[in-house]
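This report concerns only the one structure given below.
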Amino acid sequence: AQSVTQLDSQVPVFEEAPVELRCNYSSSVSVYLFWYVQYPNQGLQLLLKYLSGSTLVKGINGFEAEFNKSQTSFHLRKPSVHISDTAEYFCAVMPLSGNTGKLIFGQGTTLQVKP
Amino acid sequence: GAGVSQSPSNKVTEKGKDVELRCDPISGHTALYWYRQSLGQGLEFLIYFQGNSAPDKSGLPSDRFSAERTGGSVSTLTIQRTQQEDSAVYLCASSMLDTQYFGPGTRLTVL
């Protein structure tokens with residue numbers, strides 16, 4: 001079985017400050033890793049994904065994440081946040097066994113950017 | 001191009017009634033997924049379609065829930081005899097390879 005833990009339910013941060021949203025996962029099989037963002041009353045939008053190769057992946061809106069296999073982590077970072085980054089962020093894994101491609105999500109982290 | 005669309009955007013129903021939720025995937029996407037987002041349970045997988053077949057229905061919470069997909073395109077999620085615990089946002093996603101593209105969701109409220 002797989003599980004995803006997002007260690008912070010809420011992260012308040014001031015505009016232009018750096019931010020890190022933490023994600024750990026547990027899986028007995030190999031997985032792909034994803035971060036999605038959800039703005040109020042909208043669906044989920046893909047920020048970035050790790051499939052293989054370089055462990056540092058860059059996504060949209062200036063976000064990046066680093067896959068750490070030994071720590072089973074996939075933390076999301078941004079060096080300088082904007083008010084418009086206020087949203088809920090979801091970390092997800094896709095198990096590579098079973099061949100269904102379903103996503104298993106963490107509970108989400110609400111990023112609150114203050115002026 | 002057009003993204004994933006879902007209808008209705010909001011649905012309010014009375015306990016015991018049946019509801020149908022519709023998903024129009026991105027054209028050409030062979031895989032389609034339904035998820036449920038609720039306050040208590042977060043985002044949960046419900047069912048996966050490949051073409052018109054559903055090889056993984058493991059997330060459907062009870063036999064009151066069913067889904068079908070026709071023509072390898074539109075999908076309908078049906079909830080029979082709705083209960084208050086069915087209140088949630090139902091999200092649909094479609095994919096071609098490894099990335100799922102989500103629709104805006106249907107917010108279901110069961111009174």
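Derivation of every value follows stated rules applied to the coordinates shown; laboratory data play no part. For clarity, every value in this text was computed on a predicted model and none was experimentally measured. Counting neighbours? That spans all protein chains shown, and the Cβs are built from the backbone with ideal geometry, glycine included.
Quick notes on this structure:
- Screening A:GLY62 with (1) surrounded by fewer than 16 Cβ atoms within 10 Å (Cβ to Cβ); (2) touching a residue at least 24 places away in the same chain (Cβ under 8 Å) gives one miss only, at (2).
- In the stretch B:96-111, residue surrounded by the most Cβ atoms within 10 Å (Cβ to Cβ) [restricted to those that are among the aliphatic types (A, V, I, L, M) and in a loop (DSSP other than H, G, I, E, B)]: B:MET96
- Any hit, the stretch B:45-54, residues being within 14 Å of another protein chain (Cβ to nearest Cβ), under 23 Å from A:SER97 (Cβ atoms) and not in a strand (DSSP E or B): yes
- Among residues of the stretch B:65-95, those that are in contact with a strand residue (DSSP E or B) (Cβ under 9 Å, 6 or more places away or on another chain), more than 10 Å from B:CYS23 (Cα to Cα) and either surrounded by fewer than 14 Cβ atoms within 10 Å (Cβ to Cβ) or among the polar types (S, T, N, Q) (or both), counted: 11
- Restricting B:LEU46, B:LEU32 to residues that are in contact (Cβ under 8 Å) with a residue 60 or more places away in the chain and touching a strand residue (DSSP E or B) at 6+ places or on another chain (Cβ under 8 Å) narrows the list to B:LEU32.
- Which listed residue, of B:SER58, B:SER62, is surrounded by fewer than 16 Cβ atoms within 10 Å (Cβ to Cβ) and either touching a residue at least 60 places away in the same chain (Cβ under 8 Å) or within 14 Å of chain A (Cβ to nearest Cβ) (or both): B:SER58
- Elements of the type strands (runs of 3 or more DSSP E) sitting completely within the stretch A:41-100 and holding at least 1 residues that are among the acidic types (Asp, Glu): these cover A:64-68, A:87-95.
- Any chance A:ILE83 is surrounded by fewer than 17 Cβ atoms within 10 Å (Cβ to Cβ), within 14 Å of chain B (Cβ to nearest Cβ) and hydrophobic (A, V, I, L, M, F, W, C): no
- In the stretch A:15-43, the residue that is surrounded by the fewest Cβ atoms within 10 Å (Cβ to Cβ) out of those that are under 19 Å from A:VAL81 (Cβ atoms), within 14 Å of another protein chain (Cβ to nearest Cβ) and touching a strand residue (DSSP E or B) at 6+ places or on another chain (Cβ under 7 Å) is A:TYR39.
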